[in-house]
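Structure record follows, encoded as structure tokens.
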Amino acid sequence: MPPSEIVSVALEGDIAWVTINNPPVNATSAAVRAGLESAISKVQGARVAVLKCAGKTFVAGGDMSEFDAAPVEPHLPDVVQQLEDSATPFIALMHGTVLGGGFELAMGCAWRIASAGTRFGLPEVNVGIIPGAGGTQRLPRLIGIQKSVDLACRGQMISADELIDLGGLDVVASGDLEEAAKAFIQSLPDRPKKISETSVEVLSAVEFDTLRSDLKKRAKGQTSPLQNLEALQWAALPFSEGQTKERALHLKMRVGVESKALRHAFFAEREVQKPKAIDGAVARDIRHAAIVGGGLMGAGIATAMLGAGLQVTIIERDTAAAAAANARVAGLLEGGLKRGKISQSKFAQQLGQLTCASGYDAASTADLAIEAVFEDIEVKRAVFAELSAIMPQDAILATNTSYIDPEQIFAATHNQSRCVGLHFFSPAHVMKLLEIVRLPSTAPDVLATAVSLGKRMRKVPVLSGICDGFIGNRMLATYRRAADYLLADGALPYEIDAAMRGFGMPMGPYELQDLTGLQISWANRKRLAPMRDPNERYIPVADQLCEMDRFGQRSGKGWYKYEVGNRAPFRDAEVESLILEHSKSEGISRREYTPAQITKRILAVMANEGARIVDEGIAEAESHIDMVQIHGYGFPRWRGGPMHYASEIGWTETHRNMEKVARESPGSWSLAKRLEDELR
Ligand code: NAI
């Protein structure tokens, strides 16, 4: 598209209409910036100019594909300044989401009009940067420092109603936007002072310190929230000084590792929704889902599906269990209502779409069924026998199993092209990750339907092949094994937990086991014992804890001990002496590990396992492993995931670290081809 079409100017009497047309979100690409610059000169002489956008939204951000290259002129801060300085004053006429550069452009205009429902934000913090076109300098001047902190440091968005209350808008239009602009122009108020020429009170030193430490605690190592706070404080300086500092920091941050990692996550989230396996396949329209088993997982899955607008039928063992399932889902929906996640009318509507029954008849009209009964192959097989008998021959059948091989579950099911695993994470209505487990027989349109359903539920759907634990739990088992070897060789649980928290994990591996309970992994280890390579190191401490009824927080003790009513873990000499005894019995002379030595080993193991999963064709791409880790296991998004992290420190370095880990535990690790390839 030529620049004159990307930004067009139309004169109507003494009003100039400037329209940006850069689909899909009218990002402030170099062409848009150049177009705007030329439009600003063209409108001179008109009484007023209106800046608006074609399509579904006003400018919703910058063009992230430009971040890695040198900035191209004209720069956005200069364009915003030209808008502000233009002799013909501008009105920003906004709809959709006004984000980042879009909001900065709007703040260069003399007046701002938005349609009701428009949302505003400075989400740069989410991609590891600060705004670069005066956002942190004009926003506090426009709406005050407190709200600016929520937007710039926490990435929150605000509504048009809230923004007008804060003085950031002149009109919220409920009807036609252009008509609203014309009405406003008819009695055009005096041109207000330029935002850059106003002043603002920023935070006092005490307020700043309190906010800084609060943000720091939440950021878990991410720096961009703190840098946004610092930039907001510069609004106390003369505008040009603050703006220069903002621009310099913006340019530095956008080529930094944090921004690279966050952008990787942003793009991976989109890429993962288009796996090669569904190329050309058309998703089916799913309106009604049956869920068998309305326990912890079933109730969460039902809540997620109701939220996506589906009709849901839960089938339980008897009427009492069906009533309990109904109450469970109603409780989860109520929670959403209380937290303001859904409105009263949505709550009533969603609850109205739910039926809980004890017979399979209720599933006969469903397009898809998900089984979430006990983790027992015979129980699951019996469920699918019932479902196949009552549902159409092509209705999709899915299992939420965590560990059982879906091929075994569906072995006796007719038409296995419709069978798939839909592995949700607990709590299923909250956790973003959805592993779509593909059987060799699963048809592409069934996978496409699963991906589309995942998107409708606002999940991050990741395709996985079949292996023990699929992608996520296999990685988790490996992570824990690496940590256990460190325990045996010299580290203690609290040291490993602290090191992983220091890296950015919300919790270390031992605190997490205590939180979720040690039973499931104990049962798994017993199940896998006959298959375990006898040469592989095995650290029996977790088993010993289970034998001592130390199952974690719920039993008051696990890897740590707990006081009643207090979730804080305390070191326990009993556990530590078990660890020391194990080392002694193996003839290990324990050594000390620094946090960096701990994380280096664990991250090498994670990258190696992720690469093996890709080598085996279980995951389509390394970025898919990162999505599983970020959205299912709390891996810090600002690190980009274990695979991105490995590429950031370099695969050669990762290979070297992994070789060291393998040497320390002979017979226990196989190197991925991806790592071996680094040597060639
Ligand atoms: P749960 O014990 O809370 O719920 C199971 C429900 O299934 C119960 O309400 C039970 O009454 C019902 N049920 C059992 N047999 C039935 C039958 N024949 N017909 C109808 N209903 C029946 O278990 P949970 O935790 O919800 O797990 C369910 C499945 O989800 C398991 O396969 C588990 O491995 C898997 N899963 C569990 C996760 C977790 O964090 N708990 C995470 C991901 C998957």
Pairs needed: first member in segment 418-430, within 17 Å of Val462 (Cβ to Cβ) and more than 12 Å from the ligand (Cβ to nearest atom); second member anywhere, of a type in the set (S, T, N, Q) and open to solvent by less than 10 Å² (accessible area, probe 1.4 Å); C-beta distance under 7 Å; at least 6 residues apart or different chains.
none
Could you grab the pairs with beta carbons closer than 8 Å, sequence gap of 6+ or different chains, first residue in segment 331-360 and in contact (Cβ under 8 Å) with a residue 40 or more places away in the chain, second one loosely packed, with under 12 Cβ neighbours inside 10 Å and outside any helix (DSSP H, G or I)?
Ser358/Asp318
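Here is a list: Arg154, Arg191. Which entry is under 30 Å from Gly508 (Cα atoms) and of a type in the set (D, E, K, R)?
When all the criteria are applied, what remains is Arg154.
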Might you let me know whether segment 193-206 holds any residue that is within 20 Å of Gly121 (Cβ to Cβ), modelled with pLDDT under 95 and assigned to a helix (DSSP H, G or I)?
no
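From the list Arg328, Arg339, pick out the single residue that is within 16 Å of the ligand (Cβ to nearest atom), among the basic types (Lys, Arg) and more than 25 Å from Ala443 (Cβ to Cβ). Reasoning before the result, please.
Values: Arg339 fails: within 16 Å of the ligand (Cβ to nearest atom).
So the residue among Arg328, Arg339 that is within 16 Å of the ligand (Cβ to nearest atom), among the basic types (Lys, Arg) and more than 25 Å from Ala443 (Cβ to Cβ) is Arg328.
Answer with yes or no whether Ala219 is more than 17 Å from Lys147 (Cα to Cα), in the same structural domain as Ile145 (by TED's automatic domain parsing) and open to solvent by less than 30 Å² (accessible area, probe 1.4 Å). Write out each step before concluding.
Working: more than 17 Å from Lys147 (Cα to Cα): yes; in the same structural domain as Ile145 (by TED's automatic domain parsing): yes; open to solvent by less than 30 Å² (accessible area, probe 1.4 Å): yes.
Yes: the conditions hold for Ala219.
Among the candidates Phe410, Phe470, single out the residue that is on the phi > 0 side of the Ramachandran plot, within 15 Å of the ligand (Cβ to nearest atom) and among the hydrophobic types (A, V, I, L, M, F, W, C).
Values: Phe410 fails: on the phi > 0 side of the Ramachandran plot.
After ruling out the rest, the residue left standing is Phe470.
Within segment 109-143, how many residues are of a type in the set (Val, Ile, Thr) and touching a strand residue (DSSP E or B) at 6+ places or on another chain (Cβ under 7 Å)?
Residues meeting the conditions: 2.
Considering only segment 392-407, how many residues are more than 15 Å from the ligand (Cβ to nearest atom) and either open to solvent by 60 Å² or more (accessible area, probe 1.4 Å) or not in a strand (DSSP E or B) (or both)?
Applying the first criterion (more than 15 Å from the ligand (Cβ to nearest atom)) to segment 392-407 yields 392-396, 407.
Keeping just the survivors that are either open to solvent by 60 Å² or more (accessible area, probe 1.4 Å) or not in a strand (DSSP E or B) (or both) gives 392-395, 407.
Result for segment 392-407: 5.
Results for (1) within 27 Å of Asn21 (Cβ to Cβ); (2) in contact (Cβ under 8 Å) with a residue 60 or more places away in the chain, shown as yes or no for each residue.
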position: Pro89; (1), (2): yes, yes
position: Thr97; (1), (2): yes, yes
position: Pro131; (1), (2): yes, yes
position: Gln146; (1), (2): no, no
position: Met157; (1), (2): yes, yes
position: Glu162; (1), (2): no, no
position: Val172; (1), (2): yes, no
Taking segment 363-391 and keeping residues more than 11 Å from the ligand (Cβ to nearest atom) and open to solvent by 60 Å² or more (accessible area, probe 1.4 Å) leaves Thr365, Ala389
Which members of segment 437-458 meet the condition of being farther than 11 Å from Ala277 by Cβ and open to solvent by less than 10 Å² (accessible area, probe 1.4 Å)?
Val437, Leu439, Thr449, Leu453, Gly454
Among helices (runs of 4 or more DSSP H) lying entirely in segment 517-627, which contain 2 or more residues that are open to solvent by less than 10 Å² (accessible area, probe 1.4 Å)?
541-547, 573-585, 595-615
Of all residues in segment 99-145, which are over 28 Å from the mean Cα position of the chain (by Cα) and of a type in the set (Lys, Arg)?
Arg112, Arg138, Arg141
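Which of the residues belonging to segment 266-295 are open to solvent by 70 Å² or more (accessible area, probe 1.4 Å) and in a loop (DSSP other than H, G, I, E, B)?
If we filter segment 266-295 for residues that are open to solvent by 70 Å² or more (accessible area, probe 1.4 Å), which is where we start, we get 267, 270-271, 274, 276, 279-280, 282, 284-285, 287.
Matches in segment 266-295: Lys274, Asp279, Gly280, Val282, Arg284, Asp285, Arg287.
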Which number in (1) of a type in the set (A, V, I, L, M, F, W, C); (2) surrounded by fewer than 18 Cβ atoms within 10 Å (Cβ to Cβ); (3) away from the ligand (no atom under 15 Å from the Cβ) marks the one condition that Ala261 misses?
(2)
Looking at segment 27-45, which of its residues are under 42 Å from the mean Cα position of the chain (by Cα) and open to solvent by less than 20 Å² (accessible area, probe 1.4 Å)?
Ala27, Thr28, Ser29, Val32, Arg33, Gly35, Leu36, Ala39, Ile40
Just for segment 241-258: of the residues that are open to solvent by 80 Å² or more (accessible area, probe 1.4 Å) and at pLDDT 95 or above, which one is farthest from Thr136 (Cα to Cα)?
Val257
Considering only residues that are over 11 Å from Ile370 (Cα atoms) and open to solvent by 20 Å² or more (accessible area, probe 1.4 Å), look in segment 296-307 and name the one that is farthest from the ligand (Cβ to nearest atom).
Gly307
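Suppose we filter Leu169, Leu151 for residues that are in the same structural domain as Val18 (by TED's automatic domain parsing), not hydroxyl-bearing (Ser, Thr, Tyr) and not in a helix (DSSP H, G or I); which single one remains? Let's see the steps before the verdict.
Working: Leu151 fails: not in a helix (DSSP H, G or I).
Matching residue, one of Leu169, Leu151: Leu169.
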Could you tell me whether segment 497-513 includes any residue that is within 16 Å of the ligand (Cβ to nearest atom), under 27 Å from Ile301 (Cα atoms) and open to solvent by less than 40 Å² (accessible area, probe 1.4 Å)?
yes
Is it the case that some residue within segment 463-481 is buried (at least 21 other Cβ atoms within 10 Å of the Cβ), of a type in the set (Val, Ile, Thr), more than 29 Å from Leu580 (Cβ to Cβ) and touching a residue at least 60 places away in the same chain (Cβ under 8 Å)?
yes
Checklist (1) near the ligand (Cβ under 8 Å from one of its atoms); (2) polar (S, T, N, Q); (3) open to solvent by less than 60 Å² (accessible area, probe 1.4 Å) applied to Asn415, failing item:
(1)
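The values are calculated or read from the model by the stated rules, or taken from the named source; none is laboratory data. The shown structure was predicted, so the numbers you read here are calculated from the model rather than taken from an experiment. Quick reminder, even Gly has a Cβ in these numbers, built from the backbone with ideal geometry, and neighbours come from all protein chains shown. Each accessible area value is taken on the protein alone, full model and side chains, heavy atoms only, with ligands, DNA and RNA left out. Shrake-Rupley method; radii C 1.70, N 1.55, O 1.52, S 1.80 Å.
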